[in-house]
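Structure first, commentary second.
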Amino acid sequence: MATLLVLSIVVCPILYFTVGPQLDATQLDTLKILGIIAACSAAFCFIVGEATGNNSQMDKLWSLLPIAYTWIIAARGGMSPRLVVMAVLATIWGIRLTWNFARKGAYSLKFWEGTEDYRWAIVRSGPAFKKRWAWALFDLGFISIYQNALVLMTTFPALVSMGSDKPFGVVDGIAAVLMLGFIIWETVADEQQWAFQTKKWAMINAGQKLEDLPAPYNKGFNTTGLWNRSRHPNYFAEQGTWASFYLFSIGAGMGILNWSIIGALLLIVLFQGSSSLAEEISGSKYPEYAEYCRSVPRFFPGGSVNSIINVLSL
């Protein structure tokens, strides 16, 4: 994972200067605007996160910033069909993800409050962060600065497409269909997980012990629907969504490989680490989770196409 991270960061400037595309004055000015927004967001996340102890400030903005970025790019790019389609798809993605996070109690009228992602408390309790300053540096460097930079970089395919005079074509159509398909896939996965966890906790809160629950709830983790074919079908779809977004830059004539791919690459790296953390937590809580990991792929769904189609309807 670290190798891919370093490779991505190194390859991006090399591609910029050797393959392109080079940014024109309008694109550079647009990038400055987006960079200012990202910097303000990073400062907000760090200050509020440190002041309140709730480090999910960036989690709340993760689904909203790409909407703003892509529409700013579309507006400054003359609202070309390609850019508008990219912005619309980013908006659909963002609304869906915001709703999924909101129903978990993440947002509050007091914007600094809301339910924090449970994983941050576990990370904070690790031996590396026994000293308060160590966590503050992690909060500043990774949670606030790096994640804001990553979210901005995922929208780079739209930025490089600003300079294209190539009309919306077949590749763009394929990219749009794929991106929409992955958004639907992630929606189904999240709904299946929500239904499973809601019912499981309803029974536990009613006084039943986990081991006494009916199958499959007694396992403690979801193994139904898409979760029977992939341990993280939502993560698989999220990576596919932004890989599809990159395809628009190819449709814009920027070449099969250009530097705007960095966002999709770094997102893949992030999900490697995020899924490993989630599995470490689940493995410590549920005895059957290790066997689940051995029999079900982490991301790419196992099984036949017909089987996958069937579980989509569950």
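What are the pairs, 6+ residues apart or on separate chains, where a residue within the stretch 78-101 that is over 16 Å from ASN234 (Cβ atoms) has its Cβ under 7 Å from a residue that is hydroxyl-bearing (Ser, Thr, Tyr) and open to solvent by 40 Å² or more (accessible area, probe 1.4 Å)? Cβ pairs passing all conditions: none. Scanning for something crowded, with 17+ Cβ neighbours inside 10 Å, out of contact with any Pro (no Cβ under 8 Å at 6 or more places or on another chain) and within 17 Å of THR26 (Cβ to Cβ), does the stretch 86-99 turn up at least one residue? Yes; the residues of the stretch 86-99 include at least one that is crowded, with 17+ Cβ neighbours inside 10 Å, out of contact with any Pro (no Cβ under 8 Å at 6 or more places or on another chain) and within 17 Å of THR26 (Cβ to Cβ).
Considering only residues that are aromatic (Phe, Trp, Tyr) and either in contact (Cβ under 8 Å) with a residue 40 or more places away in the chain or not in a helix (DSSP H, G or I) (or both), which ones fall in the stretch 242-284? Scanning the stretch 242-284 gives TRP242, PHE245, TYR246, PHE248, TRP259. Among the residues making up the stretch 212-236, a single one is basic (Lys, Arg) and assigned to a helix (DSSP H, G or I): LYS219. Taking every residue in the stretch 185-208 that is without any contact (Cβ under 8 Å) to a residue 24 or more places away in the chain and pairing it with any residue that is in a helix (DSSP H, G or I), at least 6 positions away or on another chain, the pairs with Cβ-Cβ distances below 7 Å are LYS199/TYR217; LYS200/TYR217; MET203/TYR217; ILE204/LEU210. Contact map, the stretch 131-143: first residue farther than 18 Å from SER56 by Cβ, second residue of a type outside the set (Asp, Glu) and open to solvent by 70 Å² or more (accessible area, probe 1.4 Å), Cβ cut-off under 9 Å, separation 6 or more or different chains; pairs are ALA134/ALA128.
Checked against the criterion of being of a type in the set (A, V, I, L, M), surrounded by 22 or more Cβ atoms within 10 Å (Cβ to Cβ) and over 14 Å from LEU178 (Cα atoms), the stretch 214-233 contains one or more residues that satisfy it. Taken together, the residues in the stretch 278-294 that are open to solvent by 50 Å² or more (accessible area, probe 1.4 Å) and either farther than 18 Å from ALA215 by Cα or touching a strand residue (DSSP E or B) at 6+ places or on another chain (Cβ under 6 Å) (or both) amount to 3.
Taking the stretch 61-81, which residues are open to solvent by 10 Å² or more (accessible area, probe 1.4 Å), in a helix (DSSP H, G or I) and not aromatic (Phe, Trp, Tyr)? Across the stretch 61-81, the qualifying residues are LEU61, LEU65, ILE67, ALA68, ILE72, ALA75, ARG76, PRO81.
Within the stretch 1-41, being open to solvent by less than 40 Å² (accessible area, probe 1.4 Å) and either modelled with pLDDT of 95 or more or of a type in the set (Val, Ile, Thr) (or both) holds for GLN27, THR30, LEU34, GLY35, ALA38, SER41.
Among the criteria (1) of a type in the set (S, T, N, Q); (2) assigned to a helix (DSSP H, G or I); (3) at pLDDT 95 or above; (4) farther than 18 Å from ALA149 by Cα, the one GLN239 does not fulfil is (4).
Applying the set (1) open to solvent by 20 Å² or more (accessible area, probe 1.4 Å); (2) under 22 Å from ILE184 (Cα atoms) to ILE261 leaves exactly one unmet item: (2).
The values are calculated or read from the model by the stated rules, or taken from the named source; none is laboratory data. Not measured: the values here are computed from a predicted model. A quick note on method: Cβ atoms are made from the backbone with ideal geometry, for glycine too, and the neighbour counts reach across all protein chains shown. The accessibility values were calculated without ligands, DNA or RNA, using every heavy atom of the protein model including side chains. Shrake-Rupley method; radii C 1.70, N 1.55, O 1.52, S 1.80 Å.
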